[in-house]
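Engineer: One structure, as C-alpha cells, below. Some questions next.
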Amino acid sequence: MISNEKPNSEIFIELFTEIEQRLKTICNDEFTSNFSELLAKARGKSGVVNRYASDLKEFAQLRNAIVHTRRQNFIIAEPHDDVVSEVIHIHKLLSSPPKVSSVMKHNPFTVFPETPISVVLNTFAEKGFMRCPVVEQGRIVCLITAKTISRWITSIKQDRIEVNNTPVRKLVPFADKSDYMVIAENDDIATLLDLFNESIRKGSYLQAALVTQSGEPQSKLVGIVTPSDLPLIMEKLK
C-alpha cells in the first residue's frame, strides 16, 4: 500500500479526479463528461497529456471499474502500488510541469548579421559549439550551423575564402529554417520533447530549440536547447 491511512483505490480516485479537472482547465471545457473526448482535446494542448495519453486512457478504465464495483466494505478493483505511483507522477507533471527554462542553456552565444564569420569559426573551434543563432534588432533571423558554413563554402567559386571581413549575413541564405524551432521559456518540457520527436518523424533533424520569453521570434532570446540536452529532459519526465 502507498499510504497506511488511505487505501490505494481512494488515493487513485482522488488523484484521477484532479487530473480530469486539470484536463478540463487545459481545454477550457468544464462540461465535457466523456473522458475520452476530453483527453483527445487535451492532447493537442499539453505535451504532458500527449506523452501520457495511453496511460490516462487505461486509468480511466480502472477508475470506472473501481467506481462501478464498489461494495460496502471493500473494493474489487484495488489498484497496485505501481499504478498509484504512476498516477501520482502524472498528477505532479500536470499540476507543476518542469519548464523549458529548467533545462535550457542560458544566454547562448549569438551573432549579428554584421559579425565577421571569423568570429563564428573561432568560437566554434574554441568552445566546441556547432550552432549559434543570428539576431538582429532583438529578433531571431536564423540558426547558423556547421552545415550552413559548409554550404556557403561550397558555393564559393574561388580558391581563397576571406572570413575576417565577410559578415555573417552572407551565411543567412544558406541557413535551413527546419534546423530550429522557437519555444517559450515557460512552456513545459514535454512540449519541448514533442518538437524534437516530431522532427524525427518528419525525417528532419532539429538542431536546436531557441527559447524566447514569449515563444515568438521577435521576443528576447533567453536560452537554447540542443539534442545533447535530451537525456536531461527525459530524466525530468521519468
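The values are calculated or read from the model by the stated rules, or taken from the named source; none is laboratory data. Since the structure is predicted, the reported quantities are computational estimates derived from the model, not experimental observations. Note: ideal-geometry Cβ built from the backbone for every residue, glycine included; neighbour counts use all protein chains shown.
Engineer: Exactly one of these conditions fails for residue 18: (1) assigned by TED's automatic domain parsing to the domain that holds residue 64; (2) modelled with pLDDT under 90. Give me its number.
Structural biologist: Only one criterion is unmet by residue 18, namely (2).
Engineer: Of all residues in the range 102-116, which are in contact with a strand residue (DSSP E or B) (Cβ under 7 Å, 6 or more places away or on another chain) and of a type in the set (Ser, Thr, Tyr)?
Structural biologist: So in the range 102-116, the residues in contact with a strand residue (DSSP E or B) (Cβ under 7 Å, 6 or more places away or on another chain) come out as 103-106, 108-116.
Scanning the range 102-116 gives 110, 115.
Engineer: Checking residue 45 against (1) part of a helix (DSSP H, G or I); (2) out of contact with any Gly (no Cβ under 8 Å at 6 or more places or on another chain); (3) not hydroxyl-bearing (Ser, Thr, Tyr), which single condition isn't satisfied?
Structural biologist: (1)
Residue-wise test of (1) closer than 21 Å to residue 109 by Cβ; (2) crowded, with 16+ Cβ neighbours inside 10 Å; (3) touching a helix residue (DSSP H, G or I) at 6+ places or on another chain (Cβ under 8 Å).
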position: 170; (1), (2), (3): yes, no, yes
position: 176; (1), (2), (3): yes, no, yes
position: 180; (1), (2), (3): yes, yes, no
position: 189; (1), (2), (3): no, yes, yes
position: 218; (1), (2), (3): yes, no, no
position: 225; (1), (2), (3): yes, yes, yes
position: 234; (1), (2), (3): no, no, yes
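Engineer: In addition: With respect to residue 67, determine if the residue is assigned to a helix (DSSP H, G or I) and within 22 Å of the chain's Cα centre (by Cα). Give the derivation first.
Structural biologist: Numbers: assigned to a helix (DSSP H, G or I): yes; within 22 Å of the chain's Cα centre (by Cα): no.
For residue 67, the condition - assigned to a helix (DSSP H, G or I) and within 22 Å of the chain's Cα centre (by Cα) - is not met.
Engineer: One residue is enough: does the range 211-228 have a residue meeting the conditions more than 20 Å from residue 94 (Cα to Cα), assigned to a helix (DSSP H, G or I) and out of contact with any Gly (no Cβ under 9 Å at 6 or more places or on another chain)?
Structural biologist: Yes; the residues of the range 211-228 include at least one that is more than 20 Å from residue 94 (Cα to Cα), assigned to a helix (DSSP H, G or I) and out of contact with any Gly (no Cβ under 9 Å at 6 or more places or on another chain).
Engineer: Another question about this same structure. Would you be able to tell me the number of residues in the range 160-192 that are at pLDDT below 95, in contact with a strand residue (DSSP E or B) (Cβ under 9 Å, 6 or more places away or on another chain) and either in a strand (DSSP E or B) or over 22 Å from residue 215 (Cβ atoms) (or both)?
Structural biologist: 5
Engineer: Moving on to the next point. Listed residues 216, 126; which is over 24 Å from the mean Cα position of the chain (by Cα) and either of a type in the set (D, E, K, R) or under 23 Å from residue 47 (Cβ atoms) (or both)? Break it down stepwise before answering.
Structural biologist: On the way: 216 fails: over 24 Å from the mean Cα position of the chain (by Cα).
The conditions single out 126.
Engineer: Name the residue, out of 143, 192, 171, that is within 25 Å of residue 103 (Cα to Cα), in contact (Cβ under 8 Å) with a residue 40 or more places away in the chain and touching a Cys at 6+ places or on another chain (Cβ under 9 Å).
Structural biologist: Working: 192 fails: touching a Cys at 6+ places or on another chain (Cβ under 9 Å); 171 fails: within 25 Å of residue 103 (Cα to Cα).
Testing whether each residue is within 25 Å of residue 103 (Cα to Cα), in contact (Cβ under 8 Å) with a residue 40 or more places away in the chain and touching a Cys at 6+ places or on another chain (Cβ under 9 Å) leaves just 143.
Engineer: Any residue in the range 3-24 that is under 12 Å from residue 60 (Cα atoms) sitting within a Cβ distance under 9 Å of a residue that is of a type in the set (Ser, Thr, Tyr)? List the pairs, counting only those 6 or more apart or interchain.
Structural biologist: 19/95
Engineer: Show the residue pairs meeting these rules: Cβ distance below 7 Å; 6+ apart or different chains; first residue within the range 102-129 and assigned to a strand (DSSP E or B); second residue surrounded by 14 or more Cβ atoms within 10 Å (Cβ to Cβ) and of a type in the set (Phe, Trp, Tyr).
Structural biologist: Cβ pairs passing all conditions: none.
Engineer: Let me ask you something else. Step by step: first the residues of the range 1-15, then only those that are at pLDDT below 85 and out of contact with any Asp or Glu (no Cβ under 9 Å at 6 or more places or on another chain), then the one that is surrounded by the most Cβ atoms within 10 Å (Cβ to Cβ). Which residue is that?
Structural biologist: Restricting to residues being at pLDDT below 85 and out of contact with any Asp or Glu (no Cβ under 9 Å at 6 or more places or on another chain), the top hit is 5.
Yes/no per residue for (1) at pLDDT below 90; (2) under 30 Å from residue 169 (Cβ atoms):
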position	(1), (2)
55	no, no
72	yes, no
79	yes, no
108	no, yes
